[in-house]
2 protein chains.
Amino acid sequence: MIKAIAVDVDGTITDGKRRLCPSSLEAIRESEERGIPVIIVTGNILCSTKTISILLGTSGGLVAENGGVIKSSKGKYVLGDIGKCQEAYEFLEARYPVRKVEYSEQRVSEIALERDIEVEILKESLKNFDVRLYDSGFAIHITDPSVNKGSSLIRLARDFGVERQEIMAVGDSENDLEFLEVAGLKVAVANADQELKSLADYVTKKPYGDGVKEALERFLP
Amino acid sequence: MIKAIAVDVDGTITDGKRRLCPSSLEAIRESEERGIPVIIVTGNILCSTKTISILLGTSGGLVAENGGVIKSSKGKYVLGDIGKCQEAYEFLEARYPVRKVEYSEQRVSEIALERDIEVEILKESLKNFDVRLYDSGFAIHITDPSVNKGSSLIRLARDFGVERQEIMAVGDSENDLEFLEVAGLKVAVANADQELKSLADYVTKKPYGDGVKEALERFLP
């Protein structure tokens, strides 16, 4: 029995240009109206995540910065250690022309870079650091490996009294792997990375927001 | 000839609960696709405003904090003096149980309060201060009177090479008065304050986002 829907933002409820898909807005609104709260799970900073939640009208809480920050019914928690990420960033900065994304001063648990350099090069370069790198397709995230979207979703759901088996998770990219792994029902949209599709219980026929709508129509009670 | 659309956010493209109306999303997307850029003009902080712009897919620039901050093709400018607002806030704080809204630490040109107290009481209390108070229906804003949504829209439009006479402005509340005043075509949505309706060239039959869609369908070339 699905009691909550957790959705990634960029490339899942939005198109490839980060624009909200009308179909996902419609599906999310309907889910909320039917009493099934929607949880936003994203690499965005908390301020953006909150704004997205207000516009969509979601009530299931927020997982921001790839799990580094959550906002549940009980409050806001910073779970990722940006210190580890800062060390790794300084190492990269001395070697590559890396650039932080806009509003980086508001990022409190991880560091996000513009996608100027292949993530594999950066991963190789940082192999001795205690960090994990993701390419979300929109930014490269240097994160604390002790938190991810999945571990933080479990923590958030606990505050709301929802079991992870009762959550449907929908995502599209590499940084959604742990996120889908912890959920009872794992959905990848048609435009998702192959690795995520392999893990999913269901791969939608349609991409982006149309895929989100397809999944909600198929699986909502 | 309308060359740009400027829209307020809360209560204009959203419903009374700040949730984005699917109709306004559709209308804004179509305007952009037809080459008529949409400008976001709001009392929200810049980070939220930017997020709204990304989700909507607008390209016309941003007026945030009721004109106190703009982001144009030429960069980001803080135009309002928060010092004046801070003085007024300290005066109020000593007399009334006022509370700043969430994310106030990110507000750089004005101060926004929860609507716990009648705005008229606060206005009377601050009559000797060089500030202007607005009740947007979502928050009470203490602002620098030398900037407003209208003056900042003109400044923004100049950077984009658009004349104010070429702009259609759509709003709903008291803090949209100067904003509509400077525009070539002034539209108030059906749920707007009476004073704003009196000033408008056109009052939509429908409220909120449906009104925005109605206006764009009626007036877009």
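The values are calculated or read from the model by the stated rules, or taken from the named source; none is laboratory data. Just so we're clear, the structure is a prediction, and the values are computed from it rather than from any experiment. FYI the Cβ positions are ideal-geometry reconstructions off the backbone, even for glycines, and counts take in every protein chain you see. The protein model used for the area step is the full one, side chains on, heavy atoms only, and it has no ligands, DNA or RNA in it. Shrake-Rupley method; radii C 1.70, N 1.55, O 1.52, S 1.80 Å.
With the charge dipole of the stretch A:111-221 set up from +1 on Lys and Arg Cβ and -1 on Asp and Glu Cβ about the Cα centre, the Cα lying farthest toward the positive end among the listed residues A:VAL162, A:PRO145, A:LEU196 is that of A:VAL162. As a size descriptor, the averaged projected area of the C-alpha convex hull of the stretch A:1-82 was calculated at 5.8 nm². Think of the stretch A:59-199 as having a plus end and a minus end, set by charges on the Cβ of Lys, Arg, Asp and Glu; of A:VAL182, A:SER73, A:VAL108, A:SER73 sits farthest toward the positive end of this dipole. Counting only protein heavy atoms and a 1.4 Å probe, the protein assembly as shown has 40 square angstrom of accessible area per residue.
Across peptide B:43-56, the average count of Cβ atoms from other chains found within 10 Å of a residue's Cβ is 5.
Given Cβ point charges of +1 (Lys, Arg) and -1 (Asp, Glu) and nothing else, what value in debye, to the nearest 20, does the dipole of the stretch A:15-88 about its Cα centre take? Numbers along the way, then the final one.
Numbers: 10 positive and 8 negative charges, 29 e Å.
Once rounded to the nearest 20, the dipole reads 140 debye.
Residues whose amide H lies under 5 Å from that of A:VAL101, counting only those 5 or more places away or on a different chain, are A:ALA112, A:LEU113, A:GLU114; hydrogens are built 1.01 Å from N in the peptide plane.
Could you please state how large a percent of the accessible area of chain A is carbon and sulfur, counting protein chains only and using a 1.4 Å probe? Let's see the in-between values first.
Working: 4140 of 8890 Å².
That fraction is 47 percent.
May I have the convex hull volume per residue, in Å³, for the Cα set of chain B?
106
Which pairs, out of A:LYS50/A:LYS74; B:LYS71/B:LYS197; A:LYS186/A:LYS213; A:LYS84/A:LYS127; A:LYS3/A:LYS186; A:LYS50/B:LYS50, put more than 19 Å between their alpha-carbon atoms? Going by Cα-Cα distance, B:LYS71/B:LYS197 fall outside the 19 Å limit. Using the Cβ-Cβ distance between B:VAL108 and A:ARG218 with R0 set to 51 Å, the FRET efficiency from 1/(1 + (r/R0)^6) comes to roughly 0.65.
Probe radius 1.4 Å, ligands and nucleic acids left out: can you give me the accessible area buried at the B-A interface, summed over both chains, in Å² to the nearest hundred? The partial results should precede the final answer.
Values: alone 9930 and 9960 Å², together 17760 Å².
Protein heavy atoms only, the B-A interface buries about 2100 Å².
With springs only between Cα atoms under 10 Å apart, run a GNM on chain B and tell me which of B:LEU177, B:LEU55, B:LEU199 wobbles the most. Checking each option, the largest mean-square fluctuation is seen for B:LEU55.
Placing a pseudo-label 7 Å from each Cα along the Cα-to-Cβ vector at B:LYS76 and B:PHE91 gives an inter-label distance of 3.0 nm. Basic side chains Lys and Arg get +1 at the Cβ, acidic Asp and Glu get -1 at the Cβ, and with that the dipole of chain A about its Cα centre reaches some 560 debye.
Restricting the stretch A:159-214 to trypsin sites (Lys or Arg not before Pro) that sit in a DSSP loop and have at most 15 other Cβ atoms within 10 Å of their own Cβ leaves A:LYS205. Summarising the amide proton neighbourhood of A:LYS206: residues at separation of 5 or more, or on other chains, whose placed amide H is nearer than 5 Å comprise A:ALA190. Relative to the longest principal axis of the Cα atoms of chain B, the long axis of helix B:46-56 lies at roughly 20 degrees. At a threshold of 10 Å², the residues of the stretch B:102-132 that become less accessible to a 1.4 Å probe in the full protein assembly than in their chain on its own are B:GLU102, B:TYR103, B:GLN106.
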